[in-house]
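Heads up: the structure comes next, in structure tokens.
Just so you know, all these numbers are worked out from the coordinates, no wet-lab data involved. For clarity, every value in this text was computed on a predicted model and none was experimentally measured. Here the Cβ positions follow ideal geometry from the backbone for every residue, glycine too, while neighbour counts run over all protein chains shown.
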Amino acid sequence: MEEYNSVNLYKIKRLLKELENISGRGTELISLYVPPRKPVYDVINQLRDEYGTASNIKSDQTRTHVQDALTHIIQKLKLYRQFPDTGIIIFCGYVPSEINPADEELKYYEIVPPRPVPTYLYRCDDHFHIDILKSLIKEEEIIGVISLDTSEAGFGIISGDRVETVEVITSGVGSKHRQGGQSARRFERLRENEINDFFHRVANHAKSIFIDQYPIKSLIISGPGMTKEDFYKGDYMDYRLQQAVIGLVDTGYAGEEGVRETLERGESLIENLRLVKEKKRVDRFIVETTKKDGLAVYGLNPSLNAIKAGNAELILISEDLDMYRLEATCKNCGYQTEKYVNEPELYQERAQMSQTSCPRCGKSLWSIKVEDVVDHVSDLAAQIGAKVEIISSKSESGVMFKSFGGIGVILRYRQNGINN
Ligand SMILES: [Zn+2]
């Protein structure tokens, strides 16, 4: 699966916020989840059936709205030869217009989710069904767990705050205490061989579970005592899994109980993993800003200037920036102007903008476009091949980053003495 980047996630989260607040006049908002590999014509045929069924709707307005939306979705789906690897999610229906809430307009949202859509779902309701999409973006990272001692090993998956045991195997290794009549050395050697065999079996299971079944990038080894250390240090696993180990965690039990315990006891490890990548980027940014002639600028205008000059390698934006760009174009003469505003002032500024007269022709006939600064910056970044990363606002490094104005750029080259 293609790595899903933070900008896409940000966009889905923002869309979810928007969709959550929409309610339809009637039962007329369509949610459609299509799993991967479902043929396009299959979906289109199903939607044509729904179109037929909709002709039974009594309310004229609702019927027209539902059928309009279905027609629109079918047209859009026809543009696909096949759906993306993770499937596709569509929300469509008449919603109150942004400009005049008494009016309604047909809205169409199409989302390619970061994880595969689990099952086909068609719903027509007075709200959009967004829960499945929510769960698809929550499970950002799956982490493998092996919880073992000398008697058993449990294999599990942690995703978000859920944990699931996939398999448990037992070792067959005898107890530590030798039977009478056996020589101590012989007993030790036999036991060591048995443990060695068990570790190889654990490694084989780990390979089929964590490489073939549930590909993971991070692995935790847990369990009571020293067995986990012996297993890890002995290099039994496939090198890919060996490299994926993010830590060893002490638990009271091994096996299924151990897997469950790992989620609790490994919490800081797991949380860290999510934050480490982000921290690296913020740290690099801060190092550059504190250096004399460092390769970074921050704040909205310096950042935009650097990006427009093509001098940006990595652009960092706080998820809390909440800033919008208003672009007004005079419908009479084509004069253009832009303004950046914070969310609370958005509507007021927009109204004000529409009332001013054009400095070129004196008319006030504006067409006003509103876009999230994240979108605007992402478009500019794409033109110059720069990367954009959204920085969370809750982590320590995220809070620190926010204090730089919520947006910053790591530059490609030094600017001519005018950094900030
Ligand atoms: Zn004008």
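May I ask you to evaluate 6.51 cos²θ - 1.76 cosθ + 1.60, the Karplus curve with θ = phi - 60°, for each residue of the range 337-343 and list the ³J(HN,Hα) values in order in whole Hz, giving x for glycine and proline?
Values, residue by residue: 9, 9, 8, 10, 9, 7, 3 Hz.
For E104, enumerate residues with amide H under 5 Å from its amide H, sequence gap 5+ or separate chain, H modeled in the peptide plane.
The list, which skips near neighbours in sequence, is S97.
May I ask for the percentage of alpha-carbon pairs in the range 6-138 that lie more than 20 Å from each other?
Percent of Cα pairs beyond 20 Å in the range 6-138: 44.
Arranged by the count of other C-beta atoms within 10 angstrom, fewest first, what order do S6, S367 take?
Fewest-to-most Cβ neighbours within 10 Å comes out as S367, S6.
Counting other C-beta atoms within 10 Å, which of C330, C124 has the fewest, and how do the rest follow?
With the sparsest Cβ surroundings first, the list reads C330, C124.
Amide H neighbours of S218 under 5 Å, at least 5 residues apart or on other chains, H built in the peptide plane: list them.
HN-HN under 5 Å from S218: G144.
Quick check: residue separation of E164 and S55 times 0.36 nm, minus the Cα distance between them. What number comes out in nm?
Result: 34.7 nm gained on full extension.
Mind listing the phi-derived Karplus ³J(HN,Hα) values for the range 381-388, rounded to whole Hz, using 6.51, -1.76 and 1.60 with θ = phi - 60°, and x for any glycine or proline?
Working through the residues one at a time gives 5, 4, 5, 10, x, 8, 9, 10 Hz.
Using a Förster radius of 41 Å, what is the FRET efficiency between S151 and E20 based on their Cβ-Cβ separation? Nearest 0.05, please.
0.25
With a 10 Å radius around each residue's Cβ, average the other Cβ atoms per peptide and rank 229-237, 256-264, highest first.
256-264, 229-237
Using only the alpha-carbon atoms of the range 235-327, report the extent along each of the three principal axes, biggest first, to the nearest angstrom.
Answer, in whole Å and largest first: 58, 31, 24 Å.
Checking the cross-link filter: which lysines have an alpha carbon closer than 25 Å to that of K363, excluding same-chain neighbours under 8 positions apart?
Partners within reach: K331, K339.
Relative to the longest principal axis of the C-alpha atoms of the chain, give the angle of the C-alpha long axis of helix 6-20, reported between 0 and 90° and rounded to the nearest 10°.
60
Give the long-range amide H neighbours of V166: residues separated by 5 or more places, or on another chain, with amide H under 5 Å away, using H modelled in the peptide plane at 1.01 Å from N.
For V166, whose amide H was placed from the backbone, the distant partners under 5 Å are F155, G156, I157.
Give me the number: length gained by fully extending Y239 to E338, i.e. 0.36 nm times residue separation minus the C-alpha to C-alpha distance, one decimal in nm.
30.3 nm
Could the peptides 149-157, 79-87, 386-394 be put in order, highest first, of the mean number of other beta-carbon atoms found within 10 Å of their residues?
Those peptides, ordered most packed to least, come out 149-157, 386-394, 79-87.
Enumerate cysteines in the chain without a disulfide-compatible partner, where compatibility requires another Cys Cβ under 4.7 angstrom.
C92, C124
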